[in-house]
1. Residues with amide H under 5 Å of residue 322's amide H, sequence separation 5 or more or different chain, H placed in the peptide plane at 1.01 Å from N; which?
2. Note down the nm distance, to one decimal, between modelled labels 7 Å out along Cα→Cβ at residue 98 and at residue 205.
3. For the chain, modelled as a GNM with alpha-carbon contacts under 10 angstrom, which of 96, 77, 296 fluctuates the most?
4. Using a 1.4 angstrom probe on heavy atoms only, work out the carbon and sulfur share of the accessible area of the chain in %.
5. Could you give each residue of region 266-274 its phi-based ³J(HN,Hα) in whole Hz, using Karplus coefficients 6.51, -1.76, 1.60 with θ = phi - 60°, and x for Gly or Pro?
6. Determine the per residue accessible area of region 142-201 with all protein chains present and a 1.4 angstrom probe, expressed in square angstrom.
7. Per residue, how much accessible area does region 1-109 show when a 1.4 Å probe rolls over the protein heavy atoms, in square angstrom?
8. Alpha carbon centre of region 295-337 versus region 124-150: separation in Å?
Amino acid sequence: MTTTLTMPDPTIQTHRLGGEDVQEITLCNKAGARASILSWGAVLWDLQMPLKDGSLRRVVLGYADVADYEANASYLGAVVGRVCNRIAHGRFSLDGTSYQLPVNGDGDVHLHGGIKGFTRRNWSVRDVGPGFVVLSLVSPNGDEGYPGEVSVTCRYELTEDNALRMDIQGSTDAPTLLNMTNHSYFTLADGASAAQHWLEVTSEFHTPAASNQIPTGEVLSSDDTPYNFRSERRIGSDYEINFVLKGTRGTVRPVARVLSPDRDMEMVVSTDQPGLLFYTGAGLPVAVGLDGQKHGPSMGFCLEAAGFADSINRPQFPSPILRPGETYRNTCEYRFTAL
């Protein structure tokens with residue numbers, strides 16, 4: 001007789017945050033991997049993956065206290081939007097109309113969607129089942145200064161082969177901007193710095209930026225620069241750089257590979273996006289993490305799959321404009337293997 005194992009049902013707990021009931025949905029697979037998602041900010045709160053001996057290793061940074069997500073100045077684990085990263089001076093024009101967004105980031109920039117954005121909002125739990133949860137959010141016309149009402153969903157799926165897949169979709173009733181991402185900080189070894197990890201990225205070009213991380217508009221070769229990670233090498237120092245990814249936008253393909261410092265765990269990143277923002281967390285504040293996990297400068301790294309920063313003001317970059325009748329899509333998968 002053949003026995004078929006099914007994915008365990010998710011568990012749901014309720015927390016109180018920002019005066020609202022916030023849901024925590026924990027997904028598990030047959031291998032024992034676990035992912036905990038909060039409805040607040042669609043945050044990936046915890047992600048643990050099995051090692052060869054069957055024990056679990058936490059592979060993201062997460063605050064020990066759910067209350068810390070109310071402010072979440074570092075955007076830990078959050079889905080950010082309407083527009084992730086930065087818009088210079090918070091200004092853009094669309095179809096002949098000029099818009100002014102909040103300037104909430106250092107260097108006179110609009111950062112990660114504004115003062116609240118999608119990060120400091122309580123999303124709705126639309127659907128939940130074995131191995132997945134779907135969250136949704138409606139951003140009204142004028143929210144943070146953006147035109148049009150936007151409806152977005154984020155589907156998290158924990159697969160049987162130890163991948164966490166995020167499928168984000170969005171639609172609008174008027175022309176607007178939409179360029180979202182997940183802002184998780186990863187670490188593949190307890191207490192290790194980002195610099196100790198190994199990285200490989202299938203990219204030949206990057207978009208250089210000024211000190212406030214607004215791109216210059218150039219697309220430069222990464223040859224003979226610190227940004228050449230086409231061959232696997234130790235990260236070694238701090239970075240905040242956008243890689244221009246190979247492949248067709250809209251086609252999910254592997255774009256990056258990370259190894260733990262001791263090379264006992266691998267993470268492969270696949271996406272359908274044109275860019276991958278690599279940030280080694282130099283600005284992370286010291287904080288208490290889950291089960292005493294160490295948080296602080298350069299103790300985690302982001303690999304944010306999205307369009308490019310300030311792309312609405314750079315016509316040579318992939319466009320962030322979304323119009324009625326169109327569907328915005330962003331799929332990113334993080335697949336883990338114990339070595």
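1. Those lying under 5 Å, H to H, from residue 322 are 176, 177, 178.
2. Going by the 7 Å Cα→Cβ label model, 3.1 nm.
3. Per the Cα network of the chain with a 10 Å cutoff, 96 tops the list.
4. C and S atoms contribute 48 percent here.
5. Calculated HN-Hα couplings, in order: 10, 10, 10, 9, 10, 7, 10, 8, x Hz.
6. Values: 1650 Å² over 60 residues.
In whole numbers, region 142-201 has 27 Å² accessible per residue.
7. Details: 4750 Å² over 109 residues.
That works out to 44 Å² for each residue.
8. Each part's Cα centre sits 17 Å from the other's.
The values are calculated or read from the model by the stated rules, or taken from the named source; none is laboratory data. Keep in mind it's a predicted model, so treat the numbers as computed, not measured. Here the Cβ is made from the backbone with ideal geometry for all residues, glycine too, and neighbour counts use every protein chain on show. Ligands, DNA and RNA are stripped out before the accessible areas are found, and what is left, the full protein with its side chains, is counted by its heavy atoms. Shrake-Rupley method; radii C 1.70, N 1.55, O 1.52, S 1.80 Å.
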